[in-house]
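Engineer: Sharing a structure below in C-alpha cells format, with a few things to ask.
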Amino acid sequence: MLAGLFGKKSDHPFANLKSAQQVLDDVPKTDALKALLELASWVESLRDHAEEFRLDHQVAVLRLLDEAAQPHLRKLLRDYFAVQPLNKFQENRIWAALNDFFTLSEQTHVNILALCRKGDRNASALKPQFALLAVRAIVAAIHRLKLASARYALVDPTLWAHLAEIYSFAETQNFQNELVPLYPGSGVNTSVGREFAGVMVWFSVGTGSLPPLHIHVAERLVAHLNKYLTVGKQAVEGSQWAINLAQPTPPMRVNAETTIHPGVRFLGMGGAQEALNNLVKSLEKGIVPQELNLGGAVYETELLRDVARQLFARCISPPPTRRNARRKLKVNLHVANGFFKLVENTDIGLNFNTETHEVWEVEDISATGFRSVTAPSALDSIKIGSLIGSKPENMGNWGVGIVRRLSRDAENNLHVGVEILANQVIGVSLGARDHSGAGEDNLALYLNKPNDNSGEAWLLMKPGAFASTRSFNMTVADKTYLLLPLGLVESGEDYDLARYRKMEQDTSAE
C-alpha cells in the first residue's frame with residue numbers, strides 16, 4: 001500500500017505512516033507543553049527533510065502531526081489567554097512553544113502549497129485537499145499574528161506575503177469558497193475566503209489598542225462572523241479595507257486615494273454588521289450564543305460584551321479624524337506609572353519629589369496625546385489602559401494620560417501612544433457624604449482643566465471607589481464643593497475615572 005511513496009529509500013522515522021504513527025504514540029498525553037514541544041520538533045524535521053518524501057506523503061504526515069497537536073494547542077491557548085495572568089516565566093514558556101509550533105506549521109503548509117502551485121508531479125492527486133491545506137495554513141498564520149499582537153511585536157512581513165499567495169492560489173484554482181471541516185471534532189466548517197477576510201478585518205480593528213485577552217476574544221468573535229464578510233476585486237458598499245495581493249502589506253482603510261488595480265482585494269462587513277449588532281444585543285441580555293467558538297475557554301459575559309461593543313464601534317464607524325496636529329518634538333518626560341505612583345507625586349502624597357522617575361523620550365505630541373519610545377522591558381508594567389503620570393523636564397506640574405496604543409519597532413523598542421486626560425492634576429482628599437463612609441477620607445486626583453465651564457469635575461480614584469449613589473466633599477483652592485456622581489468613565493487595574501457634578505458650597509456660616 002505504501003510502496004512507491006518515495007523517490008529514494010529513507011531511514012527517517014516518517015519513511016512510512018506506521019513509523020510516523022509510532023512517533024505520535026510516544027508523545028506525552030498529559031503534559032501539553034512537553035507534547036507540543038515534541039510535535040513542533042517533528043514538524044520541523046518534516047520540513048527540513050521534505051526532499052526525501054513524495055509530496056502526498058508529506059501531506060499525510062503533516063496532517064497526522066497537526067491534528068495530534070490540536071488538543072494541546074487548545075489547552076495552552078486557554079492557559080495563555082486566561083483572565084488571571086500567568087507568572088512571567090510560565091507565560092514566556094507557553095508563548096514560545098505556541099509560537100514555534102504555529103510558525104513551523106504555517107511554513108510547512110505554505111511550502112507544500114508552493115509546490116502544488118508550481119505544478120509538482122504529485123500535486124494533481126492532492127487537488128481535493130488544496131482547500132483544507134490552505135485553510136490550515138491561514139489558521140496557523142492567524143495564530144502567529146495573534147501571538148505577535150499579544151506582545152505588540154513587529155509582524156514578520158513574510159506572513160502577509162504568505163497570506164496573499166495562499167488566497168491568490170485559491171482564486172486561481174477556484175476553491176476559495178469551498179467549505180471544509182477545519183479539524184476532526186472541531187465542529188467548524190470554513191473556507192479560505194472566510195479565514196482570509198476574517199484575519200484581515202480582525203487585524204485591522206482588533207490589535208494594537210487592545211489588551212492581549214481582548215485581542216484573543218476579538219479574533220474569536222470575528223471568526224464567529226467571518227461567513228458574513230466580503231472579499232472582492234471591486235469596492236462595494238461596506239468595503240472598508242483593502243490589501244494588495246501583488247505587494248502585500250497589512251490591510252489598509254479604503255479612502256478616496258485607494259488605487260484600483262488587478263492585485264487589490266476589497267474587504268467589507270457585508271452582513272456581519274447586522275450579525276455583530278445582534279451579537280452585542282444578545283450579550284447585553286447575558287446570552288452567549290452556543291455556536292460561539294471560544295476554544296473551550298469560559299469568559300464572563302461582560303468581557304465578551306465589552307469586546308463586541310469595541311469591535312462594533314471600530315468596524316461600523318469610520319476611523320476618527322485627527323483634530324489636533326501632531327508636532328515632532330524631542331522632549332524628555334518624567335513618568336509615574338499608575339495611580340498610586342502619581343498620587344505620591346502630587347502635593348497630597350507622602351513622598352513628594354523623593355523618587356527617581358523613569359524618563360521617556362517623546363517622539364511627537366499634540367494637544368490630546370503624545371507618542372514616546374521606551375525600553376522593551378517597560379511592557380512588564382505598562383498595558384493598554386494603564387494610567388501614566390507625566391511631567392516635562394523643567395516643569396513643576398504633573399499631567400496624566402491613559403495608554404491607548406502599544407507597538408514595537410524593528411529594534412524591539414516599545415512605542416507608547418498616550419491619550420492626555422489633563423495637563424495638570426491636583427491631589428485632593430474626598431470627604432464621604434453618605435452614612436456608610438462618614439468621616440472616611442479618600443485620596444483622589446482632580447483633573448484641572450483650564451477654562452472648563454461645564455460644571456463637572458473629573459476625578460481619578462482608587463479602584464472601586466466610585467459608586468453611583470455616593471457623593472463627596474472636595475476642597476480645592478480654599479473652596480469647598482459638593483460632588484454628585486454622574487457616571488464611571490473608565491476603570492483600570494488601579495484606578496476609577498469618574499465624572500461628578502460640581503457644586504460650590506457656601507461655608508461662610510461655618
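Engineer: Taking A170 as the residue in question, decide whether it is part of a loop (DSSP other than H, G, I, E, B) and not assigned by TED's automatic domain parsing to the domain that holds K227.
Structural biologist: No, not satisfied.
For every residue, the table says whether it meets (1) acidic (D, E); (2) touching a helix residue (DSSP H, G or I) at 6+ places or on another chain (Cβ under 6 Å); (3) surrounded by fewer than 14 Cβ atoms within 10 Å (Cβ to Cβ); (4) modelled with pLDDT under 90.
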residue	(1), (2), (3), (4)
F312	no, yes, no, no
N324	no, no, yes, yes
L342	no, no, no, yes
F352	no, no, yes, yes
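Engineer: Something else now. Tell me whether region 98-108 contains one or more residues that are among the aromatic types (F, W, Y), touching a helix residue (DSSP H, G or I) at 6+ places or on another chain (Cβ under 6 Å) and at pLDDT 90 or above.
Structural biologist: Step one: of region 98-108, the residues among the aromatic types (F, W, Y) are 101-102.
Then keep just the ones that are touching a helix residue (DSSP H, G or I) at 6+ places or on another chain (Cβ under 6 Å); that gives 101-102.
Now narrow it down to the ones that are at pLDDT 90 or above: 101-102.
Looking through region 98-108, at least one residue is among the aromatic types (F, W, Y), touching a helix residue (DSSP H, G or I) at 6+ places or on another chain (Cβ under 6 Å) and at pLDDT 90 or above.
Engineer: Taking region 139-165 only, how many residues are of a type in the set (S, T, N, Q) and touching a Phe, Trp or Tyr at 6+ places or on another chain (Cβ under 7 Å)?
Structural biologist: 0
Engineer: Also, quick follow-up: Looking at A223, A235, A275, can you tell me which residue is closer than 18 Å to I142 by Cα and either in contact with a strand residue (DSSP E or B) (Cβ under 6 Å, 6 or more places away or on another chain) or of a type in the set (A, V, I, L, M) (or both)?
Structural biologist: A223
Condition check ((1) of a type in the set (A, V, I, L, M); (2) without any contact (Cβ under 8 Å) to a residue 40 or more places away in the chain; (3) surrounded by 15 or more Cβ atoms within 10 Å (Cβ to Cβ)) across all residues:
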site	(1), (2), (3)
E44	no, no, yes
Q58	no, no, yes
R63	no, yes, yes
A69	yes, yes, yes
H72	no, no, yes
R78	no, no, yes
V83	yes, no, no
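Engineer: When you go through L76, L46, L37, L65 one by one, which is the residue that is touching a Phe, Trp or Tyr at 6+ places or on another chain (Cβ under 7 Å), within 20 Å of W95 (Cα to Cα) and in the same structural domain as L115 (by TED's automatic domain parsing)?
Structural biologist: Working: L76 fails: touching a Phe, Trp or Tyr at 6+ places or on another chain (Cβ under 7 Å); L46 fails: within 20 Å of W95 (Cα to Cα); L37 fails: touching a Phe, Trp or Tyr at 6+ places or on another chain (Cβ under 7 Å).
Sole residue among the options that is touching a Phe, Trp or Tyr at 6+ places or on another chain (Cβ under 7 Å), within 20 Å of W95 (Cα to Cα) and in the same structural domain as L115 (by TED's automatic domain parsing): L65.
Engineer: Only one of (1) surrounded by fewer than 16 Cβ atoms within 10 Å (Cβ to Cβ); (2) closer than 25 Å to A114 by Cβ fails for T259. Which number is that?
Structural biologist: (2)
Engineer: Something else about it: Quick check, is V280 more than 21 Å from R151 (Cα to Cα) and outside the structural domain of E165 (by TED's automatic domain parsing)?
Structural biologist: yes
Engineer: Still on this structure: Residue by residue through region 415-429, note down the ones that are assigned to a strand (DSSP E or B) and surrounded by fewer than 21 Cβ atoms within 10 Å (Cβ to Cβ).
Structural biologist: Listed by number, the residues that qualify are H415, G417, E419, I420, A422, I426, G427, S429.
Engineer: Condition first: under 26 Å from the mean Cα position of the chain (by Cα), within 20 Å of G232 (Cβ to Cβ) and surrounded by 22 or more Cβ atoms within 10 Å (Cβ to Cβ). Now tell me which residues in region 130-176 satisfy that.
Structural biologist: Selection gives A134, V135, I138, W160, L163, I166, Y167.
Residues are listed down the side, and each one gets a yes or a no for (1) among the hydrophobic types (A, V, I, L, M, F, W, C); (2) within 28 Å of E237 (Cβ to Cβ); (3) touching a Phe, Trp or Tyr at 6+ places or on another chain (Cβ under 7 Å):
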site: L279; (1), (2), (3): yes, yes, no
site: G295; (1), (2), (3): no, no, no
site: V298; (1), (2), (3): yes, no, no
site: L304; (1), (2), (3): yes, no, no
site: R314; (1), (2), (3): no, yes, no
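Engineer: How do the pairs read when you match residues in region 249-278 that are assigned to a loop (DSSP other than H, G, I, E, B) with residues anywhere that are at pLDDT below 90 and among the hydroxyl-bearing types (S, T, Y), using Cβ under 9 Å and keeping only pairs 6 or more apart or on different chains?
Structural biologist: Taking only residues 6 or more apart or on different chains, the pairs are V254/S239; M269/S239.
Engineer: Specify the residue that is nearest to L210 (Cα to Cα); the eligible residues are those in region 279-294 that are touching a residue at least 40 places away in the same chain (Cβ under 8 Å) and surrounded by 13 or more Cβ atoms within 10 Å (Cβ to Cβ). Give the steps one after another, and end with the answer.
Structural biologist: We begin by selecting, within region 279-294, every residue touching a residue at least 40 places away in the same chain (Cβ under 8 Å); these are 279, 289, 291-294.
Within this subset, residues satisfying the condition of being surrounded by 13 or more Cβ atoms within 10 Å (Cβ to Cβ) are 279, 292-294.
Working: L279: 20, L292: 21, N293: 20, L294: 18 Å.
The extreme case among them is L294.
Engineer: Among the residues of region 117-124, is any surrounded by fewer than 16 Cβ atoms within 10 Å (Cβ to Cβ), assigned by TED's automatic domain parsing to the domain that holds W160 and at pLDDT 95 or above?
Structural biologist: No, the conditions are met nowhere in region 117-124.
Engineer: Okay, moving on. Residues of region 181-201 being in contact (Cβ under 8 Å) with a residue 40 or more places away in the chain and either assigned to a loop (DSSP other than H, G, I, E, B) or of a type in the set (F, W, Y) (or both), which ones?
Structural biologist: Matches in region 181-201: L182, Y183, P184, S186, G187, V188, S191, F196.
Engineer: I've got another one for you. Would you say L488 is touching a Phe, Trp or Tyr at 6+ places or on another chain (Cβ under 6 Å), under 20 Å from V343 (Cβ atoms) and either small (G, A, S) or without any contact (Cβ under 8 Å) to a residue 40 or more places away in the chain (or both)?
Structural biologist: yes
Engineer: Next up: Residues of region 435-457 being at pLDDT 85 or above and either loosely packed, with under 10 Cβ neighbours inside 10 Å or farther than 19 Å from G487 by Cβ (or both), which ones?
Structural biologist: If the condition is that a residue be at pLDDT 85 or above and either loosely packed, with under 10 Cβ neighbours inside 10 Å or farther than 19 Å from G487 by Cβ (or both), then L443 is the only one that fits.
Engineer: Go through (1) touching a residue at least 60 places away in the same chain (Cβ under 8 Å); (2) closer than 18 Å to R47 by Cβ one by one and return the number of the condition L113 breaks.
Structural biologist: Among (1) touching a residue at least 60 places away in the same chain (Cβ under 8 Å); (2) closer than 18 Å to R47 by Cβ, the lone unmet condition for L113 is (1).
Engineer: For region 231-243, which positions are surrounded by fewer than 18 Cβ atoms within 10 Å (Cβ to Cβ) and assigned to a strand (DSSP E or B)?
Structural biologist: G232
The values are calculated or read from the model by the stated rules, or taken from the named source; none is laboratory data. Predicted model only: the values in this text are computed from it and were never measured. Please note: Cβ atoms are built from the backbone with ideal geometry, for glycine as well, and neighbour counts cover all protein chains shown.
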